[in-house]
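Have a look at the structure below before the remarks.
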Amino acid sequence: MTRPAIYLDHNAASPLLPEARSALMAALDLVGNPSSAHGHGRALRNVIDTARGQVAALAGAERKQVVFTGSATEAITQAIVGGAKAFAASAIVISAGEHAAVGKAAEATGLPVITIGLLGDGCIDLDQLAQVIADAEGNLLVALHWVNNETGVIQPMGRINGLVGPTRHTLFVDAVQAFGKLDLEFAASAPDMMAVSGHKIGAAAGIGALLVKAHADTVRLIPGGGQEQGRRGGTEAVALIAAFGAAAAAIAGRYEAADVAALTARLEAALPAEAVVFGGDRLGNVTNFAVPRVKNSTAMMGLDLLGLSVSSGSACSSGKVGPSHVLAAMGVNEDLAECALRVSLGWNSTAADVDAFVAGYKSVLERQRARQGQAA
């Protein structure tokens with residue numbers, strides 16, 4: 001009998017939570033437009049208001065600070081492109097480890113883009129950031145990630161807040177991978193704006209949110225008909241929003257029940273002795289590692305044939321397997337970087353999944369080395 005496929009790519013998208021599925025289906029049974037004043041419209045509006053409160057609670061934000069968007073990419077673009085205009089930015093500051101959505105949005109502003117390097121452990125070079133801030137003559141829009149999507153490295157957000165928060169500059173944080181896993185405390189912290197995503201925490205794809213402080217309320221890209229308090233036009237996708245809210249309410253308990261950090265430790269303890277794990281202070285659900293001379297393209301193909309789904313890094317490159325800009329920025333040798341695999345666990349991961357991956361990877365490794373020995 002064919003073994004069911006095992007999904008170990010939660011950083012790309014997490015499977016739909018049962019709670020999110022139920023909320024999604026219930027909302028699909030409703031009819032109308034949430035902007036309508038009649039009973040059908042008010043019922044839809046109530047669903048949105050409930051979800052807004054659920055997302056706000058998980059983000060440590062006020063309800064009015066949550067602006068629903070079509071994705072985290074849209075939220076990132078709204079924050080950077082819209083923020084550059086709203087705050088009259090003279091330049092955009094990003095790090096060398098940002099998601100492509102941040103880099104592309106920075107380029108789209110047409111402003112100079114200043115790139116801060118990464119240290120060998122994957123952390124943003126805060127000394128360089130401090131120097132850039134000290135030397136700035138105009139207003140900077142600083143756009144940095146909290147948790148790296150490829151390595152799981154947690155950036156020292158407290159120190160970043162301390163560097164940017166007291167200045168005239170604007171701070172936007174890509175919190176997509178941190179949402180539901182770390183305490184964001186948006187309302188009480190320094191960032192002016194923050195982006196989060198639905199499908200990373202077990203909601204359906206196609207929904208995200210931009211968290212905005214009151215002084216950033218004018219940051220927008222889609223004027224439309226006044227939805228989201230005039231901050232993002234277009235009729236709201238109520239069913240997706242409902243699923244997002246339900247996932248936000250459920251993910252912490254599900255994540256804790258799965259004991260994901262222990263599963264990740266189990267995986268890393270079972271890796272081959274020659275495996276190199278990338279990154280220093282990391283989130284407890286991600287292992288990005290490499291075994292020398294075993295290319296990730298070959299390993300992923302072998303694992304896929306065994307029904308094991310992992311990745312080589314970000315899922316933003318249309319399924320292409322290529323060199324990681326994050327690992328390159330960390331100073332990882334290109335030959336070793338081409339062997340890197342990312343295993344990311346989530347709310348429905350189990351010890352059996354981890355053990356199946358370890359066994360599968362070792363079998364791929366043995367076959368690869370046998371071929372290398374024959375070629376030699």
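Where residues in the stretch 97-108 are surrounded by fewer than 18 Cβ atoms within 10 Å (Cβ to Cβ) and not acidic (Asp, Glu), which of them is farthest from HIS169 (Cα to Cα)? Give the derivation first.
Start the filter on the stretch 97-108 by keeping residues that are surrounded by fewer than 18 Cβ atoms within 10 Å (Cβ to Cβ), which leaves 100, 104, 107-108.
Then drop every residue that is not not acidic (Asp, Glu), which leaves 100, 104, 108.
Details: ALA100: 23, LYS104: 20, ALA108: 19 Å.
The selected residue is ALA100.
Of the residues ALA262, ALA270, which single one is within 24 Å of ARG367 (Cβ to Cβ) and at pLDDT 95 or above?
Working: ALA262 fails: within 24 Å of ARG367 (Cβ to Cβ).
Just a single option satisfies the conditions, and that option is ALA270.
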query = Is it fair to say ALA130 is buried (at least 24 other Cβ atoms within 10 Å of the Cβ) and either among the basic types (Lys, Arg) or not in a loop (DSSP other than H, G, I, E, B) (or both)?
reply = no
request  = Working carefully through the options LYS295, LYS320, find the one that is at pLDDT below 90 and open to solvent by 50 Å² or more (accessible area, probe 1.4 Å).
outcome  = LYS320
query = Quick one: what pairs do we get from the stretch 58-74, first residue closer than 11 Å to VAL212 by Cβ, second of a type in the set (Asp, Glu) and buried (at least 19 other Cβ atoms within 10 Å of the Cβ), C-beta under 8 Å, 6+ apart or different chains?
reply = VAL67/GLU228
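The rows are residues; the columns are (1) open to solvent by less than 20 Å² (accessible area, probe 1.4 Å); (2) in contact with a Leu (Cβ under 7 Å, 6 or more places away or on another chain); (3) within 16 Å of PHE172 (Cβ to Cβ).
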residue: GLY70; (1), (2), (3): no, no, no
residue: ILE80; (1), (2), (3): yes, yes, yes
residue: SER95; (1), (2), (3): yes, yes, yes
residue: THR115; (1), (2), (3): no, no, yes
residue: ASP135; (1), (2), (3): no, no, no
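What residue, of ARG266, ARG220, ARG232, is out of contact with any Lys or Arg (no Cβ under 7 Å at 6 or more places or on another chain), open to solvent by 10 Å² or more (accessible area, probe 1.4 Å) and charged (D, E, K, R)?
Details: ARG220 fails: out of contact with any Lys or Arg (no Cβ under 7 Å at 6 or more places or on another chain); ARG232 fails: out of contact with any Lys or Arg (no Cβ under 7 Å at 6 or more places or on another chain).
Only one candidate passes the filter, namely ARG266.
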query = Conditions: (1) touching a Ser or Thr at 6+ places or on another chain (Cβ under 7 Å); (2) more than 19 Å from GLY60 (Cα to Cα). ALA239 meets all but one. Number of the miss?
reply = (1)
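Of the residues ALA101, ALA89, which single one is assigned to a loop (DSSP other than H, G, I, E, B) and touching a residue at least 60 places away in the same chain (Cβ under 8 Å)? Explain how you work it out, then say what you get.
Values: ALA101 fails: assigned to a loop (DSSP other than H, G, I, E, B).
Only one candidate qualifies: ALA89.
Restricted to the stretch 190-221, and to residues that are of a type outside the set (D, E, K, R), assigned to a loop (DSSP other than H, G, I, E, B) and without any contact (Cβ under 8 Å) to a residue 40 or more places away in the chain, which residue is nearest to LEU17 (Cα to Cα)? Step through it out loud before you land on a result.
The first filter runs over the stretch 190-221 and keeps only residues of a type outside the set (D, E, K, R), leaving 190-191, 193-199, 201-212, 214-216, 218-219, 221.
So of that shortlist, the ones also assigned to a loop (DSSP other than H, G, I, E, B) come out as 190-191, 198-199, 201-207, 218-219, 221.
Narrowing further to those that are without any contact (Cβ under 8 Å) to a residue 40 or more places away in the chain: 190-191.
Details: ALA190: 31, PRO191: 29 Å.
Applying the filter and picking the extreme gives PRO191.
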inquiry  = Testing ASP125 on (1) touching a residue at least 40 places away in the same chain (Cβ under 8 Å); (2) open to solvent by 10 Å² or more (accessible area, probe 1.4 Å); (3) within 20 Å of ARG282 (Cα to Cα), one condition comes back false. Which one is that?
reply    = (1)
task = Scan the stretch 66-94 for residues that are touching an Asp or Glu at 6+ places or on another chain (Cβ under 8 Å) and either within 25 Å of ALA328 (Cα to Cα) or at pLDDT below 95 (or both) and report the count.
result = 2
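Per-residue answers, yes or no, for (1) at pLDDT below 95; (2) over 21 Å from the mean Cα position of the chain (by Cα):
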{"position": "PHE172", "(1), (2)": "no, no"}
{"position": "GLY180", "(1), (2)": "no, no"}
{"position": "ALA188", "(1), (2)": "no, yes"}
{"position": "MET193", "(1), (2)": "no, no"}
{"position": "ALA209", "(1), (2)": "no, no"}
{"position": "GLY226", "(1), (2)": "yes, yes"}
task = Could you list, in sequence order, all residues of the stretch 3-43 that are within 16 Å of SER344 (Cβ to Cβ) and open to solvent by 40 Å² or more (accessible area, probe 1.4 Å)?
result = ALA5, TYR7
inquiry  = One residue is enough: does the stretch 326-347 have a residue meeting the conditions within 29 Å of ALA27 (Cβ to Cβ) and not in a loop (DSSP other than H, G, I, E, B)?
reply    = yes
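The values are calculated or read from the model by the stated rules, or taken from the named source; none is laboratory data. Note that the structure is predicted; figures quoted are calculated from it, not measured. Cβ sites come from the backbone with ideal geometry, for glycine too, and all protein chains shown count toward neighbours. Please note that ligands, DNA and RNA were not included when accessible areas were found on the heavy atoms of the full protein model with its side chains. Shrake-Rupley method; radii C 1.70, N 1.55, O 1.52, S 1.80 Å.
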